[in-house]
Amino acid sequence: MYNLTIGASVSDRMEVIEPLVQSGSILDMGIVDSRRGKRTTGSQLEIKTATSLFKQICDQNPNTLGVDIDAEGIEILNKQGFNTRHENVITMNLEQTFDTIVAGELIEHLPNPGSFLENMSRHLKPDGTLVITTPNPFYSKQTWKIWRHNYPSVHEEHTCWFDPVTLNTLCQMSGLSVDKIFWVQKRKGFLKTLPAKLRSYFSHSFIVLAKRA
């Protein structure tokens, strides 16, 4: 058996994140949300806004720094009054360390997640916390989709999947020590949430809190 302690399930990731971002220096990454909209002519228009997570964190701490690789999106957010920078999270050097770093649904998009975690270790204060949220590959609805379509539901920009065991291992290899793990599962829908109630490993996603080793 794996020697890995996983905490209670939460229905919203902000239940875990909010107490960590109310004070101190905060960094949030992957903050540009790009969506497709329709012009009046019928053609598609790409709309760039701040992610809901970044907005929620800024509501708690307006001094939060946000970074994203999307230069156009960063320019838009800066004009809206957000404190943001155009950076590559794998290679950036902000010449600053943070009390809390948040990576919400980001690590599964990256080409080299190990290098990313090593860089996050360098940007953490000695007692700082890295918050990682990511989809769970064993989410119960994935089984249904495989039975029905012979294929899981995979976002077109995802490069990898982690579960708590594999992400814990990668953190250890990258200079980080996992402190706490939480499952995330919305409470709505009895049949949809029943598998997760019986076995938490069927939950929708999970959160890892890590510190410098």
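The values are calculated or read from the model by the stated rules, or taken from the named source; none is laboratory data. In this text, all values refer to a predicted model and were calculated from it rather than measured experimentally. Positions of Cβ are backbone-derived with ideal geometry, glycine not excepted, and every protein chain shown enters the neighbour counts. Note: accessible area is taken over every heavy atom of the protein model, side chains too, but ligands, DNA and RNA are not part of it. Shrake-Rupley method; radii C 1.70, N 1.55, O 1.52, S 1.80 Å.
For the stretch 82-99, what does the Karplus curve 6.51 cos²θ - 1.76 cosθ + 1.60, with θ = phi - 60°, yield as ³J(HN,Hα) per residue in whole Hz, taken in order and with x for Gly and Pro?
7, 8, 9, 9, 7, 8, 9, 5, 7, 10, 5, 10, 7, 6, 7, 10, 10, 6
In straight Cα distance, which lysines are under 16 Å from Lys180, not counting same-chain residues fewer than 8 positions off?
Within the straight-line cut-off, Lys180 pairs with Lys211.
Step through the residues of the stretch 70-81 one at a time and calculate ³J(HN,Hα) from phi using the Karplus curve (6.51 cos²θ - 1.76 cosθ + 1.60, θ = phi - 60°), rounding each to whole Hz and writing x for Gly and Pro.
7, 5, 5, x, 4, 4, 5, 5, 4, 5, 7, x
Please work out how much length the chain gains when fully extended from Met173 to Ser11, using 0.36 nm per residue of separation minus the C-alpha to C-alpha distance, in nm with one decimal.
The Met173-Ser11 span can extend by a further 55.3 nm.
Of the options Val184, Pro19, Leu106, report the single residue whose Cα projects farthest towards the positive end of the charge dipole of the chain (beta-carbon charges: Lys, Arg +1; Asp, Glu -1).
Of the listed residues, the answer is Val184.
Contact order normalised by length for the chain, with contacts defined as Cα pairs under 8 Å and 6 or more residues apart; what percent is it?
Reported as a whole number, the value is 23 percent.
Let me know the longest stretch in the chain that avoids all GluC sites (Glu not before Pro) found in a DSSP loop with at most 13 other C-beta atoms within 10 Å.
Of all site-free stretches, the longest is 1-94.
Please give every one of the aspartates and glutamates within straight-line cross-link reach of Lys48, meaning a C-alpha to C-alpha distance under 13 Å, and leave out same-chain neighbours fewer than 8 residues apart.
Candidates past the 8-residue exclusion: Asp33, Asp68, Asp70, Glu72, Glu75.
If you work out Rg and Dmax of the Cα atoms in Å from the coordinates, which of (i) 17.8, 59; (ii) 36.7, 123; (iii) 20.6, 74 do you get?
(i)
For a quick check: with amide H placed at 1.01 Å from N, whose amide H comes under 5 Å from Val102's, ignoring anything fewer than 5 positions away on the same chain?
Those qualifying (amide H under 5 Å, at least 5 residues apart or on another chain) are Leu27, Asp28, Met29, Val131.
Ignoring ligands, DNA and RNA, please state the percent of accessible area on the stretch 66-192 from carbon and sulfur, probe 1.4 Å.
52 percent
Per residue of the stretch 129-143, in order, report the coupling 6.51 cos²θ - 1.76 cosθ + 1.60 (Karplus, θ = phi - 60°) as ³J(HN,Hα) in whole Hz, putting x for Gly and Pro.
Those phi angles translate into 10, 9, 9, 10, 10, 7, x, 9, x, 9, 3, 4, 5, 5, 4 Hz.
Suppose only helical runs count, i.e. DSSP H with n ≥ 4. What mean residue ellipticity at 222 nm does that imply for the chain under -39500 (n - 2.57) per run, divided by all residues and rounded to the nearest 500 deg cm²/dmol?
Calculated mean residue ellipticity at 222 nm is -9000 deg cm²/dmol.
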